[in-house]
1. For the chain, what is the mean residue ellipticity at 222 nm derived from helices alone (per DSSP H run of n ≥ 4: -39500 (n - 2.57); sum divided by total residues; nearest 500 deg cm²/dmol)?
2. At what distance in nm do the modelled label points of Arg77 and Arg279 sit from each other, each positioned 7 Å from its Cα along Cα→Cβ?
3. Return the carbon/sulfur percentage of the accessible area of the chain, one whole number, probe 1.4 Å, all protein chains in place.
4. Distance in nm between label sites at Ala345 and Glu303, each 7 Å beyond Cα in the beta-carbon direction?
5. Taking θ as phi - 60°, what are the ³J(HN,Hα) couplings along the stretch 189-203 by the Karplus curve (6.51, -1.76, 1.60), each to the nearest whole Hz, with x for Gly and Pro?
6. At Ala539 and Glu242, where each label point lies 7 Å from the Cα along Cα→Cβ, what is the point-to-point distance in nanometres?
7. How charged is the neighbourhood of Ala134? Take every other residue with its Cβ under 11 Å from the Cβ of Ala134, and add Lys/Arg as +1 and Asp/Glu as -1.
8. Mind checking which of Leu24, Val39, Leu66 is farthest towards the positive end of the stretch 6-67's charge dipole, using Cβ charges of +1 (Lys, Arg) and -1 (Asp, Glu) about the Cα centre?
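The values are calculated or read from the model by the stated rules, or taken from the named source; none is laboratory data. Everything numeric in this text was worked out from a predicted model, so none of it was measured. Note that each Cβ is placed from the backbone with ideal geometry, even for glycine, and that neighbours are counted across all protein chains shown. The accessibility values were calculated without ligands, DNA or RNA, using every heavy atom of the protein model including side chains. Shrake-Rupley method; radii C 1.70, N 1.55, O 1.52, S 1.80 Å.
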Amino acid sequence: PARHFDTGTTEPVSFFLSGLEELLAWQPNSNDDFNVSAVPLAKRQPPLRSKRPRTLVCHDMRGGYLEDRFIQGSATRNPYVFYHWRYIDIFVYFSHHTVTIPPVCWTNAAHRNGVPVLGTFITEWTDGEKLCEAFLAGGEEAYHAVSKQLARIAQHYCFDGWLVNIENTLSAAAVRNLPPFLRHLTAQVHSAVLGGLVIWYDSVLQNGTLRWQNELNEENRVFFDACDGLFTNYNWKEEHLERTRGLAGPRHTDIYVGVDVFARGDVIGGGFDTDKSLRLIRQHGLSAAIFAPGWVYEHLGEENFLHNENKFWGLLAEYLPTHSICTLPLATSFSLGMGTSRFLAGKEEEASPWYDLSAQEIQPLYPQREGRLSTSCCLQDAWCGGSSLRVQGTIPPGEERVAIRLFSLQMPAPPKLFLTLLYKLEGPHPDEFTVALELTTWDSGTCHEGDVTPLLAEPNGWHHPRFLPAPPPGLAKLLATCNRGSHGWTSRCYELDLQDCSLRDLSLLVSRQQPSPQETPFTCLLGEVRVLDAASVAASPPQVQSLMASQLWWQ
């Protein structure tokens with residue numbers, strides 16, 4: 001069927017539903033398998049339900065379902081990717097189709113990095129009025145059918161809920177049923193999807209008029225009270241934020257204040273001035289909804305996209321609380337799910353462009369310190385996948401080393417850890433530097449490294465894991481590359497024994513061999529980092545069962 005497969009190539013594609021009939025007629029079927037997300041939502045700290053202000057990203061690009069609709073990837077040169085997952089809480093895929101089911105590659109990439117994904121249910125213009133009249137103006141049976149279908153769709157495709165956007169006038173009968181519809185939809189989504197969410201967009205009022213308020217007020221509060229959050233329109237001023245904060249009370253972090261990165265209308269700041277909007281939002285303790293950050297790609301062009309993207313998010317970083325990883329193993333080659341080549345074990349296997357967000361790996365923090373440190377993606381060389389992480393910086397005069405934080409962690413430390421690192425030093429004098437991993441721990445009062453040194457003197461312990469010249473017996477396969485890189489990459493394995501600690505940060509440590517009164521610039525590519533719990537790596541992985549192939553077509 002054309003909905004599930006590209007008619008030209010037969011490749012599986014992601015799709016949307018148009019109109020009420022298609023929504024109500026939707027049933028799961030065997031052609032759906034490709035569209036079901038295969039990546040469960042990773043745990044992270046703090047969890048979404050915590051009371052700190054959140055950041056929602058609403059992705060709206062040229063009508064949606066572009067190259068990202070090809071489930072098994074495409075040969076796209078310079079595609080749009082998002083990778084600052086550590087800085088955001090919720091990802092919404094937006095389009096103007098009635099039921100926007102997020103392309104599965106976005107759900108896979110977001111879930112791998114611990115971010116829930118919402119689809120969009122939208123009605124607009126006169127067609128939207130008719131659609132709303134059809135399901136809202138009657139009895140509860142009609143709107144219950146819609147909310148049940150929306151919950152079933154989210155559950156079936158394994159995404160996390162809905163943004164509801166009614167952008168048309170409603171009759172008195174229809175608007176009367178809107179709050180009960182939202183309550184029913186929210187309850188259905190909560191029961192169908194663990195951690196499910198329904199967020200309302202600031203559009204119609206409780207009397208059915210379409211008039212954007214740019215705030216929470218008595219005209220739209222009834223809809224906020226019926227679901228998990230309100231996404232405000234974009235043309236607010238500081239007084240709107242003050243009133244919203246007062247009215248929201250303890251639910252102030254459920255207000256997502258809209259920021260249009262394209263800066264359309266009368267707004268505080270968009271583009272590279274988006275930080276001005278975020279500063280005000282955070283001063284009032286509210287959450288933010290960053291709309292169309294694809295501006296970086298669409299407005300500034302795709303050629304220099306990765307550089308501009310790092311600049312855009314770097315300017316916002318101080319207003320974006322980051323998230324910690326709270327489960328092991330942690331393993332990543334930093335691949336963005338795109339590239340100009342494909343690499344395997346440091347060797348270029350294929351030199352042609354590719355794009356597949358499902359293949360994006362866990363993304364790190366991207367620390368930037370003006371003039372002193374930058375972290376970015378390197379497409380020209382990689383250990384595995386399409387890219388490596390380029391870390392460029394300087395060691396200040398008189399200092400021996402610098403630590404670059406890659407991941408924030410929050411979990412009890414297992415008694416024994418293995419860590420692996422693959423790196424490549426660039427520049428004229430690579431032998432001037434040594435590269436290693438550093439792990440910091442929260443001091444729980446009795447944190448010991450090995451059997452000896454208590455670390456009571458410091459609030460946190462700094463640990464430099466022991467270098468392993470060869471893998472321990474029984475782990476030769478998993479740690480095969482210990483001290484054996486290839487194609488210019490250096491491979492290192494380490495072990496660390498800990499007692500009664502919590503893991504805190506994983507950093508890259510770049511040291512110079514000789515102290516120097518001058519500052520020393522360095523460039524290091526990271527190809528892979530792994531942090532493994534020794535107890536669980538010894539177990540053999542489960543065997544694949546019941547393998548089946550169907551719908552074969554030989555060419």
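1. Working: 11 runs with 114 residues, N = 555.
Estimated from H runs of four or more residues: -6000 deg cm²/dmol.
2. Using points 7 Å along Cα→Cβ, the separation is 4.1 nm.
3. Numbers: 12350 of 23560 Å².
Roughly 52 percent, rounded to a whole number.
4. 3.9 nm
5. Karplus-based 3J(HN,Hα) across the stretch 189-203 equals 5, 4, 7, 8, 10, 4, x, x, 9, 10, 10, 9, 8, 5, 9 Hz.
6. For Ala539 paired with Glu242, the spin-label model returns 5.7 nm.
7. Details: positive: Lys130; negative: Glu21, Asp127, Glu129, Glu133.
Computed value for this residue: -3.
8. Towards the positive end, the residue furthest out is Val39.
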